[in-house]
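Notes follow the structure.
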Amino acid sequence: MPTQAQASIATATTTRRYGGHSMSAPLRSVLVRPPVPPAGDADWRAFGYLQPVDQTQAEAEHAAFRAILADARVEVVADRSDPNETGLLDSIFAYDPSIITDAGAILCRPGKALRQPEVALAEATYARLGIPIHGRVVAPGTLEGGDTLWLDARTLAVGRGYRTNDAGIAQLAALLAPLGVEVIPVALPHWRGPGECLHLMSLISPVASDLAVVYLPLLPTSFVELLQARGWRFVEVPDAEFDSMGCNVLALAPGKCLVLDGNPLTRARLEAAGCEVLAYTGNKISLNRAGGPTCLTRPLWRA
């Protein structure tokens with residue numbers, strides 16, 4: 001028997017314009033946040049960027065990125081209406097402060113302290129859009145959206161690393177249980193330590209219900225075996241294209257994806273697997289800040 005929450009979701013499916021427990025179902029609506037200016041000259045160092053922010057070029061790249069999404073017939077919600085956002089340079093990565101479920105948004109609590117004010121921005125955005133808040137992660141829990149990955153409509157993999165802790169995963173599991181969703185923790189490697197972000201989605205990006213771009217050297221054996229047992233196929237990212245975010249791929253629809261320009265081997269392997277591949281220029285919005293197309297977007301509705 002379905003739970004009351006599941007029954008309510010089923011009833012609302014024909015009218016709501018949010019949700020979709022999938023990484024690759026057709027992307028109908030997406031939230032993006034245009035780059036905000038730094039509050040001070042040294043902000044880029046505090047956020048761990050490679051070089052100072054070039055605001056003019058970043059805005060131009062982001063506008064072109066939004067245009068690609070719009071041309072792909074995705075509704076683009078570009079929200080930057082809060083003056084308190086100035087200086088929150090990572091707010092451009094709209095994926096992380098929340099996740100979307102069929103019951104509404106779950107507000108995260110980023111493990112990177114500089115990002116925690118972004119949660120209030122996300123909450124305000126959802127209020128304007130009429131998307132309900134299903135729940136939130138609170139201290140001592142930490143959770144970032146980049147560590148969450150839908151394997152199917154009833155299964156969410158969650159990376160356990162420096163940005164997402166055990167308490168955050170436990171809280172998320174409790175929020176999702178009434179929706180009939182199981183949470184599977186995935187242990188993440190130390191890699192280069194807590195000062196450098198390594199999300200689960202730094203290592204895997206689904207582009208169809210059974211096909212994912214992966215960087216196998218850093219994925220736990222148990223998780224690779226779980227995916228293989230479920231029938232997943234892999235497009236492997238070569239070592240030379242891991243740091244340039246070859247593994248960070250946004251599915252626009254099954255077999256149609258958006259990649260960061262400059263990863264030719266990964267792109268060729270995606271095309272050999274039958275995928276249609278679009279590319280964007282992201283020298284200032286992605287490479288300088290270490291965040292690809294999934295990071296730059298918060299899917300609001302997949303259907």
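Read-outs throughout are calculated quantities, based only on the coordinates presented, and are distinct from any laboratory measurement. Model, not experiment: these values are computed from the prediction. As a convention, Cβ positions derive from the backbone with ideal geometry for all residues, glycine included, and neighbour counts pool all protein chains shown.
Arranged by the count of other C-beta atoms within 10 angstrom, fewest first, what order do 218, 296, 31 take?
Least crowded to most crowded, the residues run 218, 31, 296.
Roughly speaking, what is the centre-to-centre gap between region 223-238 and region 119-157 when only Cα atoms are used, to the nearest Å?
Spelled out, the Cα-based centre of one part sits 26 Å from the other.
Write down the Å³ per residue value for the convex hull defined by the alpha carbon atoms of region 44-142.
Details: hull volume 11.5 nm³, N = 99.
Per-residue hull volume (Cα only) is 117 Å³.
State, as an integer percentage, the relative contact order of region 164-303 based on alpha-carbon contacts under 8 Å between residues 6 or more apart.
Details: 191 pairs, mean separation 24.8, N = 140.
Relative contact order comes out at 18 percent.
What number do you get for the chain when its Cα radius of gyration is normalised by 2.2 N^0.38 Å, N = residues?
0.93
Could you give the length gained on full extension between residue 124 and residue 56, defined as 0.36 nm per residue of separation minus the Cα-Cα distance, in nm?
Result for the pair: 21.8 nm of gain on full extension.
Quick check for me: using +1 on Lys/Arg Cβ and -1 on Asp/Glu Cβ, what's the dipole size of the chain about its Cα centre, in debye to the nearest 20? Before the final figure, lay out each step's value.
Working: 26 positive and 30 negative charges, 124 e Å.
About 600 debye.
For region 191-216 and region 241-290, write down the distance between their C-alpha centroids in whole Å.
13
Residue farthest toward the positive end of the dipole of the chain, with Cβ of Lys/Arg at +1 and Asp/Glu at -1: which of 141, 290, 273?
Comparing the listed Cα positions along the dipole, 141 ranks first.
Apply 1/(1 + (r/R0)^6) to the Cβ-Cβ distance of residue 116 and residue 86, taking R0 = 22 Å, and write down the FRET efficiency to the nearest 0.05.
Using R0 = 22 Å, I get an efficiency of 0.85.
How large is the dipole of region 146-302 about the Cα centre if only Lys and Arg carry +1 and Asp and Glu carry -1, each at its Cβ, rounded to the nearest 20 debye? Don't skip to the end; give the middle numbers.
Values: 13 positive and 14 negative charges, 71 e Å.
Computed charge dipole of region 146-302: roughly 340 debye.
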